[in-house]
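What follows is one structure encoded as structure tokens, with my remarks underneath.
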Amino acid sequence: MVEAPAEKSKKPNPTAHLKTVPEERVMRDLIRAEAFQFAKSIDRSKQMTKPALLKLGEELLKQTGLDQQYLGFTVVAISNEFWREQVSAIDFKRRLLLLPHCLKNAEGCPADYDEFGLDCRKCGACEVADFKTKAEDLGYKVLVSEGTPIVLKIIVSGHVDAIVGVACLNVLEKAIDKILLAGIPCVAAPLLSSNCRSTSVDNDWVFDLIGLKTAPPEKVTKTYVHLMRASNKMFEEAELNQLVPRQRAKGAATDPLTLHENISYDWLMQGGKRSRPFITLAAYDALNGGKATLSADGVDISDSVKRAALAIETFHKASLVHDDIEDDDSYRYGQATLHRQYGIGTAINVGDYLIGLGYRLVSRDRKTLGAETAADILDKLADAHLKLSEGQGAELLWRDAKDKTISALEAMKIYALKTSPAFEAALYSGVRLAGPADQYEKMITDFSRHLGVAFQILNDFKDWEGDNDNKLVAGQDILAGRPTLLLALALEGLTGGDREELLAIVQGEHPRQAQNLVPRVRQLFTKADVFEKAEKLVEKYRARTEAIADAVEPTELRELLYYLVDTVLERAEPEAPQSIPQFVSLTLPLVHV
Ligand code: SF4
């Protein structure tokens with residue numbers, strides 16, 4: 001038995017004043033009816049974004065003379081109309097009904113929690129049983145749970161194509177960005193309150209949403225889900241073995257060669273978000289008309305192209321093994337790092353093996369790809385490999401140096417070397433696989449540089465929030481002696497004793513006990529306005545990536561670039577790790593890099 005989810009901490013909610021659910025049913029119906037009319041004019045062929053939805057919501061409230069406090073509710077009503085046709089056209093068996101556990105009768109619910117959420121016994125004391133029964137009768141998969149990551153995993157794993165959800169406006173607000181970015185058809189009924197206990201909902205609205213059913217719509221909204229799935233599938237045993245057959249039969253390895261190959265392949269298949277191969281496949285598809293964004297049947301990608309995409313991930317996985325050794329990290333993907341499992345020597349060698357494998361994945365296909373194409377891609381991969389090593393080398397030398405001063409410019413240079421080349425190689429490979437890439441080459445380099453730097457700064461923020469996957473404590477970068485931009489900005493912004501104190505902490509010369517260091521560093525960072533300054537830099541780099549994307553043709557490639565900016569620079573809310581139901585394979589989606 002699994003324990004019930006803990007009560008959430010009550011952090012101040014900056015958008016609470018916009019998330020009132022109208023008390024009167026007549027008002028809720030009015031907003032839904034207005035949204036129905038209003039949404040008729042929305043272009044459904046293009047992906048919707050959260051800012052665009054908010055703008056539409058504000059417009060509708062203005063038109064109808066209603067108060068801004070209903071913005072959240074109105075946005076959900078418009079979003080439902082945007083997706084209604086597409087959800088309606090998806091077979092019931094390919095839909096997921098997501099219910100919140102707070103709908104249960106808090107006083108006497110006999111259900112237990114298992115690893116998939118609340119295991120409703122259908123006692124009839126609340127609506128959960130009624131919704132679940134109706135949905136299951138139709139063929140739905142049903143979860144009484146919460147959390148976007150699990151839903152995205154389910155979608156990308158290929159088991160469901162649409163979501164019908166019930167949730168409070170707070171949860172819907174958090175989920176909507178990710179759902180929209182992934183282009184997942186989704187409709188939702190907001191709970192009438194957000195107090196997390198014995199909540200209620202307009203039952204007839206939920207039954208309507210569950211029962212939606214029509215013929216396929218004329219306009220299909222573009223989605224990258226099919227390409228995410230294609231990217232993910234390359235790392236499943238069967239397809240991986242087809243694309244890059246093992247030299248030795250997998251099984252209980254007794255000889256060291258088979259064992260080494262098993263470790264390498266298992267590591268390649270491990271976790272991660274497959275974002276780099278996705279970028280390659282999506283760029284390739286974008287320059288071939290973007291057919292894969294319209295339907296699963298449009299995913300027409302040869303094995304040679306897939307192998308080139310796979311190569312990008314093998315380099316990434318190799319760099320992670322080596323990084324983990326260099327930083328002596330204990331965990332990766334929620335498990336012990338490779339060197340902690342097999343020793344440093346074996347782990348280094350697995351990394352080397354994967355680098356060789358990556359180059360060979362492209363070089364062996366030179367006849368199919370064309371010698372020039374293969375050579376150009378190999379050159380870009382080698383370039384990325386060198387830049388990454390330069391960036392990592394600079395970081396390690398700084399880490400091991402006595403003097404830990406660093407300027408913002410130096411930190412940014414390291415960022416540009418450490419993160420951007422992987423984006424560049426992935427994007428370039430996809431473009432080059434589709435044809436000559438000369439006209440795109442500079443754009444790809446500039447775009448990737450700005451995107452990589454912004455991403456890395458966001459990663460600095462993440463370190464101060466903690467990260468459930470691999471770290472549990474905020475401020476680890478400081479303790480591990482990483483040359484972050486936040487530190488550089490603080491050293492530039494502080495003076496006198498404050499600067500000396502920060503430097504002493506980073507250089508391991510401060511007498512304070514370790515557990516007291518991080519709160520003090522946070523104080524010093526705050527005093528130097530580091531978080532605000534870094535925030536502005538993220539926005540500056542984001543604006544640059546968008547300006548570059550604005551000038552790109554064709555539309556499909558331009559839209560992909562916008563999508564990458566939105567997903568790579570998305571701010572993830574830390575959430576507790578969650579189990580995945582049996583019908584979901586354990587591979588992960590793109591949403592973050
Ligand atoms: S219907 Fe299900 S969720 Fe509702 S109170 Fe009964 S067992 Fe609990």
Legend entry - First in segment 341-367 and outside any helix (DSSP H, G or I), second anywhere and polar (S, T, N, Q), Cβ under 8 Å, 6 or more apart: 365/304
Legend entry - Residues that are open to solvent by 10 Å² or more (accessible area, probe 1.4 Å) and either within 14 Å of the ligand (Cβ to nearest atom) or more than 30 Å from residue 17 (Cβ to Cβ) (or both), drawn from segment 72-97: 85, 86, 89, 90, 91, 92, 93, 94
Inset, instruction - Under 6 Å between Cβ atoms, at least 6 apart or on separate chains: pull out the pairs that start in segment 79-90 with a residue that is assigned by TED's automatic domain parsing to the domain that holds residue 161 and end on any residue that is in a helix (DSSP H, G or I) and open to solvent by 20 Å² or more (accessible area, probe 1.4 Å). - result: 81/36
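Listed here are the residues, each with its yes/no results for (1) closer than 21 Å to residue 421 by Cβ; (2) within 27 Å of the chain's Cα centre (by Cα).
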residue: 310; (1), (2): yes, yes
residue: 313; (1), (2): yes, yes
residue: 316; (1), (2): yes, yes
residue: 319; (1), (2): yes, yes
residue: 323; (1), (2): yes, yes
residue: 328; (1), (2): no, yes
residue: 337; (1), (2): no, yes
residue: 356; (1), (2): yes, no
Legend entry - Residues of segment 11-38 satisfying the condition of being assigned to a helix (DSSP H, G or I) and either of a type in the set (S, T, N, Q) or modelled with pLDDT under 90 (or both): 16, 17, 18, 37
Inset, instruction - Under 7 Å between Cβ atoms, at least 6 apart or on separate chains: pull out the pairs that start in segment 426-440 with a residue that is closer than 17 Å to residue 289 by Cα and end on any residue that is open to solvent by 20 Å² or more (accessible area, probe 1.4 Å) and not in a helix (DSSP H, G or I). - result: 431/287; 434/287; 434/288; 435/287
Inset, instruction - Scan segment 387-405 residue by residue and report those that are open to solvent by 60 Å² or more (accessible area, probe 1.4 Å) and in contact with a Gly (Cβ under 9 Å, 6 or more places away or on another chain). - result: 399, 400
Legend entry - Flag if residue 150 is on the phi < 0 side of the Ramachandran plot, at pLDDT below 70 and not assigned by TED's automatic domain parsing to the domain that holds residue 297: yes
Legend entry - Count - residues of segment 125-146 that are in a helix (DSSP H, G or I), within 13 Å of the ligand (Cβ to nearest atom), open to solvent by less than 30 Å² (accessible area, probe 1.4 Å) and touching a residue at least 24 places away in the same chain (Cβ under 8 Å): 3
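Looking at segment 105-116, can you tell me whether even one residue there is surrounded by 23 or more Cβ atoms within 10 Å (Cβ to Cβ) and either within 10 Å of the ligand (Cβ to nearest atom) or in the same structural domain as residue 41 (by TED's automatic domain parsing) (or both)? Quick ask: steps written out before the conclusion?
Applying the first criterion (surrounded by 23 or more Cβ atoms within 10 Å (Cβ to Cβ)) to segment 105-116 yields none.
No, segment 105-116 has no match at all.
The values are calculated or read from the model by the stated rules, or taken from the named source; none is laboratory data. On a predicted model such as this, the values are computed, not experimentally measured, just so you know. A quick note on method: Cβ atoms are made from the backbone with ideal geometry, for glycine too, and the neighbour counts reach across all protein chains shown. Calculation scope for accessible area: heavy atoms of the full protein, side chains included, ligands and nucleic acids excluded. Shrake-Rupley method; radii C 1.70, N 1.55, O 1.52, S 1.80 Å.
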